[in-house]
């Protein structure tokens, strides 16, 4: 087991720097430079503010990118400390708030899309222009591909259906005509 | 022996201290690696299109060569972080350390073994999945397929933990051959696999958070994880061998 310790000629990273032989407790470590930590804290704080601002402008995707990066940089700025401090803590709070707000915005938008025919009609016009298909057709395609039943959640009809009214009136006419001709 | 949470805190705080001020270099190296991997994967898929026997064997051969090449870059990434943990200066050029004569042959041999082990672990699930036709086929055989993937993943993780110190050993012991590197890594990790596994698992929350950012935040998390693994190696080699 110990042959790689005894027989090796350390010439790499541990070159003559084994001051901790026989001692398995944690050795004293150098602290990171304060400028580096400060830089990370400031960067994460700025990204947190940017994430919250972009949420307020309803950009949806931008907060999803900025907030996690801000949180990760805030964690990295901890260095040897146990807890976040100062700007890093504020960055995490701002990022968390922006993610929460973004989730609420997305949730209410999707809910409105399913519940409100008027909203769906307006979105259909845009998707028709951009992708050549409506939101309802996309949802039905998803149901066909994945075997789900999302289209049952769609409330109301976002388009006018004149053929339904025509079919009803035609059926009434036929019934009346048939009865009239039977002797 | 320190509790795992305390142990993880020590490793991760050392990693954070090491990479602070050098994230530009480490993240830049990771981005270069990812772009290279993406280009090579795209090329390898398009060299042998189709699903015939020749195409499949050709694709596997090209994939194997790509993994060997990427292993040289991954060695560079690991050594960048190892240098930082030991307080040494680094530059972007350190990413290409694996291409040096005297080092590249050992890395290629070690990476060949790692790729072969990965292939063997995933083979049962891949063969089973290849016999299923369409989405319905997968749905009806979901349970055995999931079981095979799970077992293969567990085996892969077990081997990966055993060989986790290979790149560091190649850098630290230039006289050690590739076979000895593999054996030594497994010996070193005996009794410490669970500790490293728990350390790696502790990064999962940050990786899940990174999913929201389409993986962009994961660049920094990967650097953090690589430095923590280097710190683990430093801790492992600092222990007195007689204590085992």
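The values are calculated or read from the model by the stated rules, or taken from the named source; none is laboratory data. Here the structure is a predicted model, which is why all the values come from computation and not from measurement. Note that each Cβ is placed from the backbone with ideal geometry, even for glycine, and that neighbours are counted across all protein chains shown.
Considering every residue within the range A:119-130, establish whether at least one is within 10 Å of chain B (Cβ to nearest Cβ) and surrounded by fewer than 16 Cβ atoms within 10 Å (Cβ to Cβ). Working first, answer last.
Within the range A:119-130, the subset within 10 Å of chain B (Cβ to nearest Cβ) is none.
No, the range A:119-130 contains no residue that is within 10 Å of chain B (Cβ to nearest Cβ) and surrounded by fewer than 16 Cβ atoms within 10 Å (Cβ to Cβ).
Checking A:92, A:69, A:60 one by one, the residue that is within 22 Å of residue B:26 (Cα to Cα) and assigned by TED's automatic domain parsing to the domain that holds residue A:108 is A:69 and no other. Looking across the range B:206-219 at every residue that is outside any helix (DSSP H, G or I) and more than 17 Å from residue B:28 (Cα to Cα), the one that is farthest from the other protein chains (Cβ to nearest Cβ) is identified as B:214.
If you check B:222, B:203, B:163, B:173 for being surrounded by 14 or more Cβ atoms within 10 Å (Cβ to Cβ), more than 13 Å from chain A (Cβ to nearest Cβ) and within 21 Å of residue B:74 (Cα to Cα), only one passes: B:163.
On the stretch given as the range A:112-130, residues that are free of Cβ contacts under 8 Å to residues at least 40 places away in the same chain and either in the same structural domain as residue A:60 (by TED's automatic domain parsing) or in contact with a helix residue (DSSP H, G or I) (Cβ under 8 Å, 6 or more places away or on another chain) (or both) total 7.
Scanning the range B:8-67 for residues that are without any contact (Cβ under 8 Å) to a residue 40 or more places away in the chain, outside any helix (DSSP H, G or I) and surrounded by 16 or more Cβ atoms within 10 Å (Cβ to Cβ) yields a total of 3.
Can you confirm whether the range A:59-77 contains a residue that is outside any helix (DSSP H, G or I), within 13 Å of chain B (Cβ to nearest Cβ) and at pLDDT 90 or above?
Filtering the range A:59-77 for residues outside any helix (DSSP H, G or I) gives A:59-60, A:77.
Filter again for within 13 Å of chain B (Cβ to nearest Cβ), leaving A:60, A:77.
When the remaining residues are screened for being at pLDDT 90 or above, the result is A:77.
Checked against the condition, which is being outside any helix (DSSP H, G or I), within 13 Å of chain B (Cβ to nearest Cβ) and at pLDDT 90 or above, the range A:59-77 yields at least one hit.
Checked against (1) in a helix (DSSP H, G or I); (2) surrounded by fewer than 20 Cβ atoms within 10 Å (Cβ to Cβ), residue B:88 meets all criteria but (1). Is it the case that some residue within the range A:23-43 is touching a helix residue (DSSP H, G or I) at 6+ places or on another chain (Cβ under 7 Å), more than 8 Å from chain B (Cβ to nearest Cβ), at pLDDT 50 or above and under 11 Å from residue A:98 (Cβ atoms)? Taking every residue of the range A:23-43 in turn, none turns out to be touching a helix residue (DSSP H, G or I) at 6+ places or on another chain (Cβ under 7 Å), more than 8 Å from chain B (Cβ to nearest Cβ), at pLDDT 50 or above and under 11 Å from residue A:98 (Cβ atoms).
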